[in-house]
Every structure is written in C-alpha cells, then in structure tokens.
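Note sheet for the following structure.
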Amino acid sequence: MDNILVSAGQKTLMYEVLNFIVETVNRNMNNPFTNSPTKPDTQDGRYDDAERGLANRNSGTLLETLALDITPSGAHYLLTHFDTPILNTESHRLRFEGAFANPFEMDMNQIRSLPQIMMPVTLECAGNGRAGLSPRKYSMPWGVEAVGTSEWIGTPLAPLIAQASPKADVVDIAFTGADYGYDNGVGHYFGRSLTLDQLSALDVLLVHGMNGQPLLPQHGAPLRIIVPGWYGMASVKWLDKIVALTQPYDGYQQIHTYLFKKSAEDEGLPVTHIRVKSLMVPPGVPDWLSRERCVKAGDVHIQGRAWSGLGRTITKVEFAANGAWQEAKLKERRGKFAWTGWEHTWSAEPGKHVLQCRATDETGAVQPISPPWDFSGFGNNAVQSVCVFVKA
Ligand SMILES: Nc1nc2c(c(=O)[nH]1)N[C@H]1C(S)=C(S)[C@@H](COP(=O)(O)O)O[C@H]1N2
Ligand SMILES: [Mo]
C-alpha cells in the first residue's frame with residue numbers, strides 16, 4: 001500500500017475498514033451461532049420446538065412425589081444448560097488453583113476418604129414458575145415442578161478451602177464445571193462464584209452421592225457442589241476446578257444471567273437464596289390428555305411440601321378451596337435445609353373448585369397470590385392453583 005497515489009488519510013481509512021472486517025470475522029468465528037444471536041419474542045402459553053426440546057431434557061419432578069420427604073432420584077428435577085458431560089470417575093480430578101497459597105488437586109478416592117456427611121437439601125431452580133409470568137421470557141418453560149429434595153452425600157467444602165488457603169487479596173472463589181456451550185454467542189464452561197463471606201455463611205457441600213447411590217450423570221457425576229438454601233444455579237455440577245480470584249468473577253452465568261431485573265435495561269440484582277414457597281400433591285385422578293382432575297365428594301386428604309431459603313423454618317401453611325383460607329397441619333422436617341411436609345383434610349362438595357396453598361416463613365415472608373414480576377421469570381413464588389372437579 002506504499003503507493004504514492006494513496007494519501008495518508010485514505011490509508012488510515014483502509015486500515016480501519018480492514019481491521020473492522022478482521023474483527024467481525026474473528027467474532028463470528030468465535031460464535032458459531034450467528035443466525036440466532038437474540039432470543040425470539042414469546043407468546044404466553046405457546047412454546048416453540050427449541051423450548052419443547054429443552055423441556056424434554058430438563059424434566060420437572062412428578063408432583064405426586066411431593067408426598068415423600070425425599071424425592072426418588074429419577075424423579076428429581078433437572079436443569080442442564082448444555083450437554084451432560086460423561087466424565088470418568090477414576091481419572092477425574094478436582095483442582096484448587098489461582099490465588100491459593102497452597103494449590104492442590106484431589107482424585108475421587110481422596111475426596112471419598114474425607115469425613116462424610118449426608119444432608120437432605122431442597123433444591124429449586126430459580127426459573128421455576130417462569131411459564132406463569134406474562135409476558136414470559138424465551139427460556140426453559142417451567143410450570144411449578146422444578147424442585148426436589150435429596151439426601152446429598154459428601155464432605156464439607158470449608159476445610160478444603162482453608163487447606164488451600166486463599167491469599168489475602170482474594171475476593172471470589174469460582175466453581176467451574178466441565179460442560180461447555182454457548183449463550184447469546186458467548187462460549188463458556190458453566191461456572192459460578194461465591195465470595196469468602198458467602199462461603200463462610202453457607203454450609204457448602206462437595207457432593208459425590210445422592211440418596212445412597214453415586215451421583216447420576218445428569219446430576220453432576222462424579223462431583224458437584226450443593227449450596228443449601230440458594231436457588232439451584234449455585235450448585236455447580238461436573239465440578240473440576242475451584243479457583244481463587246483477586247478480581248470479581250466475570251463468568252457468563254455469574255454476571256449475565258441470574259439477575260432479578262424489571263426490564264432488559266435494568267442492571268439487576270443477583271439471584272441468591274430461595275423464596276418461601278409451597279406446593280400440594282394434586283388430589284384425585286387426572287384425565288390423560290387434558291390433565292384435569294377428578295375427586296370423589298367427602299373428606300379428601302390434601303398433602304404437600306413447603307420450603308424457604310437459607311434454612312428458614314416454615315411457620316404456617318394455609319390451604320384454600322375457592323379462596324377460603326384455612327391453616328394446615330405442619331410435619332417435622334428432615335433437616336435445616338429440607339422442606340417441611342404439611343397436610344389438611346378438605347370436605348369436598350360436588351362441583352368445580354380451585355385449590356391453593358401458601359406458606360409463611362420465620363421472617364414473616366408469605367407467598368404472593370400473583371407472580372412477582374421479573375424480566376427473566378426468576379423467583380416466581382406465587383401460590384399454586386389446582387383445578388379439580390368433584391363428583392358426587
Ligand atoms: N455445570 C453445571 N452446573 C449446573 C447447571 C449446569 O447447567 N451446568 N445448572 C444449574 C441449575 S440452573 C440448577 S437449577 C441446578 C439443577 O441441578 P439438578 O439438575 O441436579 O437438579 O444445577 C445447577 N448446576
Ligand atoms: Mo436453575
């Protein structure tokens with residue numbers, strides 16, 4: 001380009017154009033999904049093929065298992081953003097790296113030889129209830145069923161962090177999984193972080209087992225964390241790295257998603273602990289296609305579960321048929337981070353009825369009747385409504 005016919009100004013412009021082309025090509029090479037950079041508009045109650053595919057992969061729990069304290073493993077809800085990585089338990093390593101004074105790695109035998117505990121913890125997806133919002137966000141279309149309780153088996157994380165010894169200027173500890181994929185054109189391993197203060201306030205568990213069995217592949221085998229009392233996104237599956245950071249963690253799942261926002265422009269507040277909530281086992285029997293329910297008139301035993309974040313106790317559950325609230329009976333909970341069973345006897349009279357339940361926790365927080373607004377549909381803890389037809 002050292003041609004006398006091209007002026008210095010033209011030369012700069014040509015370089016700028018060339019640079020622009022190179023940058024665009026690079027960006028697009030890093031993002032193979034340029035055809036769908038933004039999510040399509042949604043219509044309430046309608047799901048497209050991609051969402052139906054997501055719903056098929058990320059199954060919800062069966063509401064009838066709410067009759068049990070512990071959700072049978074195969075019926076625990078699933079939320080996996082990308083594909084389930086098939087990892088080799090024998091060769092799997094957990095690495096403590098970054099700004100630790102004593103970085104180290106461990107294999108699964110070493111992890112299993114540490115002091116073992118079993119902790120019943122209720123896990124709920126932050127997007128549970130998203131389909132109940134209007135307008136709803138294009139995403140995993142959860143009804144009410146993204147919740148479950150397992151007896152997680154593992155070892156407390158705190159002593160291992162202490163052993164690795166975060167340096168004085170550490171601000172965040174990041175947890176990274178082995179699953180890689182794209183969201184909005186950004187390729188990343190699923191990862192989340194907690195501050196040192198959060199870690200010392202939470203009973204985080206390094207988990208390799210669930211309900212007396214090794215973790216199932218879809219629940220994070222061979223290793224995950226469980227962050228009790230927080231929505232599920234914090235409980236990173238397929239864990240292979242714990243990194244001490246001297247700058248705030250900027251992983252995609254930490255800074256671009258899991259924010260309570262009023263609108264797209266809103267800066268947002270991080271989603272953290274679970275909001276107070278309850279569900280009932282829909283009584284009676286369903287119709288195969290419509291899922292409408294039919295109950296016989298007379299005394300009907302109603303049961304369900306109620307839970308809240310951070311180990312808060314449930315102080316009250318109320319049950320209503322057609323808006324007439326009555327206090328239900330609470331059962332003992334299995335542990336600080338497990339849901340509380342409740343039951344009630346309903347005298348069912350012939351006709352159509354709407355049944356509802358709502359919980360209150362020790363802070364006085366109570367479930368709202370209509371969904372709290374959130375742009376992404378996070379944290380919907382509105383009361384569940386079940387329609388039943390009572391036959392004489
Ligand atoms: N590595 C990894 N961890 C993850 C996820 C994921 O997609 N990848 N999903 C998170 C979300 S959003 C939830 S709600 C829980 C669900 O855990 P489960 O599938 O075992 O029920 O896992 C969390 N941990
Ligand atoms: Mo989730």
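The values are calculated or read from the model by the stated rules, or taken from the named source; none is laboratory data. Given the structure is predicted, the values throughout are model-derived calculations rather than measurements. Note that each Cβ is placed from the backbone with ideal geometry, even for glycine, and that neighbours are counted across all protein chains shown. Each accessible area value is taken on the protein alone, full model and side chains, heavy atoms only, with ligands, DNA and RNA left out. Shrake-Rupley method; radii C 1.70, N 1.55, O 1.52, S 1.80 Å.
Rundown of residues vs (1) assigned to a strand (DSSP E or B); (2) in contact with a Lys or Arg (Cβ under 7 Å, 6 or more places away or on another chain), yes/no style:
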site: Pro141; (1), (2): no, yes
site: Gly148; (1), (2): yes, no
site: Glu151; (1), (2): yes, no
site: Val170; (1), (2): no, no
site: Pro222; (1), (2): no, no
site: Ile225; (1), (2): yes, no
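For the stretch 226-253, the candidate set comprises residues that are open to solvent by 30 Å² or more (accessible area, probe 1.4 Å) and touching a helix residue (DSSP H, G or I) at 6+ places or on another chain (Cβ under 9 Å); within that set, the residue that is farthest from ligand 2 (Cβ to nearest atom) is Pro248. Regarding Asp250, is this residue at pLDDT 95 or above, farther than 25 Å from Gly148 by Cβ and among the acidic types (Asp, Glu)? In short, yes. The single condition among (1) in contact with an Asp or Glu (Cβ under 8 Å, 6 or more places away or on another chain); (2) open to solvent by 70 Å² or more (accessible area, probe 1.4 Å) that Phe375 does not meet is (2). Within the stretch 272-288, being open to solvent by less than 50 Å² (accessible area, probe 1.4 Å) and under 29 Å from the mean Cα position of the chain (by Cα) holds for Thr272, Ile274, Val276, Lys277, Ser278, Leu279, Met280, Val281, Pro282, Pro283.
For the stretch 331-363, a residue qualifies if it is closer than 30 Å to Met119 by Cα and either without any contact (Cβ under 8 Å) to a residue 24 or more places away in the chain or charged (D, E, K, R) (or both), and the qualifying residues are Lys331, Glu332, Arg333, Arg334, Lys336, Glu343, Arg358, Asp361, Glu362. Restricting to the stretch 341-357, what's the tally of residues that are open to solvent by less than 20 Å² (accessible area, probe 1.4 Å) and under 16 Å from Ile369 (Cα atoms)? Residues flagged as open to solvent by less than 20 Å² (accessible area, probe 1.4 Å) and under 16 Å from Ile369 (Cα atoms) within the stretch 341-357 amount to 2. Which of the residues that make up the stretch 348-392 are hydroxyl-bearing (Ser, Thr, Tyr) and in a strand (DSSP E or B)? Matches in the stretch 348-392: Thr360, Ser385. For the stretch 240-257, which residues satisfy the criterion of being in a loop (DSSP other than H, G, I, E, B) and either among the acidic types (Asp, Glu) or touching a strand residue (DSSP E or B) at 6+ places or on another chain (Cβ under 6 Å) (or both)? Scanning the stretch 240-257 gives Pro248, Tyr249, Asp250, Gly251. If a residue must be open to solvent by less than 60 Å² (accessible area, probe 1.4 Å), free of Cβ contacts under 8 Å to residues at least 40 places away in the same chain and not hydroxyl-bearing (Ser, Thr, Tyr), how many such residues does the stretch 51-74 contain? Total meeting the criteria: 1. When residues in the stretch 289-340 are screened for being surrounded by fewer than 18 Cβ atoms within 10 Å (Cβ to Cβ), among the aliphatic types (A, V, I, L, M) and part of a loop (DSSP other than H, G, I, E, B), 2 of them pass. Residue count for the stretch 136-158, restricted to those that are away from ligand 2 (no atom under 16 Å from the Cβ) and either open to solvent by less than 10 Å² (accessible area, probe 1.4 Å) or touching a Ser or Thr at 6+ places or on another chain (Cβ under 6 Å) (or both): 4. Pairs meeting the criteria (first residue in the stretch 185-211 and farther than 30 Å from Phe33 by Cβ, second residue among the charged types (D, E, K, R) and part of a strand (DSSP E or B), beta carbons under 6 Å, at least 6 apart or on different chains) are Thr195/Asp172; Val207/Arg224; Asn211/Glu151.
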